[in-house]
1. Determine which single condition residue 91 fails, assuming it passes every other condition in (1) open to solvent by less than 80 Å² (accessible area, probe 1.4 Å); (2) more than 17 Å from residue 20 (Cβ to Cβ).
2. For the range 1-42, name all the residues that are of a type in the set (Lys, Arg) and under 19 Å from residue 59 (Cα atoms).
3. Is it true that residue 30 is among the polar types (S, T, N, Q) and touching a residue at least 12 places away in the same chain (Cβ under 8 Å)?
4. Hey, does the range 46-64 have a residue that's in a helix (DSSP H, G or I), touching a residue at least 40 places away in the same chain (Cβ under 8 Å) and open to solvent by less than 50 Å² (accessible area, probe 1.4 Å)?
5. Considering only residues that are at pLDDT below 90 and in a helix (DSSP H, G or I), which ones fall in the range 24-45?
6. Would you say residue 85 is within 16 Å of the chain's Cα centre (by Cα), open to solvent by less than 80 Å² (accessible area, probe 1.4 Å) and either farther than 19 Å from residue 111 by Cα or not basic (Lys, Arg) (or both)?
7. Give all pairs with beta carbons closer than 8 Å in which a residue from the range 87-113 that is closer than 22 Å to residue 56 by Cα and part of a loop (DSSP other than H, G, I, E, B) meets a residue that is open to solvent by less than 20 Å² (accessible area, probe 1.4 Å) and not hydrophobic (A, V, I, L, M, F, W, C); count only pairs at least 6 apart in sequence or on separate chains.
8. Which of (1) open to solvent by 70 Å² or more (accessible area, probe 1.4 Å); (2) modelled with pLDDT under 95 does residue 78 not meet, given it meets every other one?
Amino acid sequence: MATQQEKLDYLNEYVRSRGYAHRTHRLLANYDLDAFKAMNPVPVTTVANQRTLDQQTKEVLLIVNFACLRAPRYIIATHIRKALAFGATEQRILEAIEVLMPEAGRTIFEEALLAWDEVVSRTPTKRQEG
């Protein structure tokens, strides 16, 4: 059984390497650290590690992937913020989300669009429409 310090250390390293931890990550770190550790290597290899796709492209793909999976809006918003941090433009992300409409359907498209709006409307340079 992991100690509280081991759990905290692992979670802190996770946050340091990813830049975030969702509530589900924190719950697993606290209640089943072994399961949390077991699920971490694949995203590290495919998303976090530098390979041929740049981080901006990976984040834009994750936005579309999580939308298609009907992930909670906060997860989509997290990846929108990360894509912006890696240099993606609001327009590039919007166009990726628009690709969802004909194939994934209106509901999936709308949830992703609402996540995008929640993120970009909080950007200080974004003009607010009334």
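The values are calculated or read from the model by the stated rules, or taken from the named source; none is laboratory data. Worth saying up front: this structure is predicted, and the values here are computed from it rather than measured. Note that each Cβ is placed from the backbone with ideal geometry, even for glycine, and that neighbours are counted across all protein chains shown. Just the protein is used for accessible areas: all its heavy atoms, side chains included, with ligands, DNA and RNA removed. Shrake-Rupley method; radii C 1.70, N 1.55, O 1.52, S 1.80 Å.
1. Exception for residue 91: condition (1).
2. Once the filter is applied, which keeps residues that are of a type in the set (Lys, Arg) and under 19 Å from residue 59 (Cα atoms), the range 1-42 yields 16, 18.
3. yes
4. From the range 46-64, those in a helix (DSSP H, G or I) are 46-48, 55-64; that's our starting set.
Narrowing further to those that are touching a residue at least 40 places away in the same chain (Cβ under 8 Å): 63-64.
Cutting the leftovers down to open to solvent by less than 50 Å² (accessible area, probe 1.4 Å) gives us 63-64.
Yes, the range 46-64 contains a residue that is in a helix (DSSP H, G or I), touching a residue at least 40 places away in the same chain (Cβ under 8 Å) and open to solvent by less than 50 Å² (accessible area, probe 1.4 Å).
5. 41, 42, 43, 44, 45
6. no
7. 88/59
8. Going through the list (1) open to solvent by 70 Å² or more (accessible area, probe 1.4 Å); (2) modelled with pLDDT under 95, residue 78 breaks only (1).
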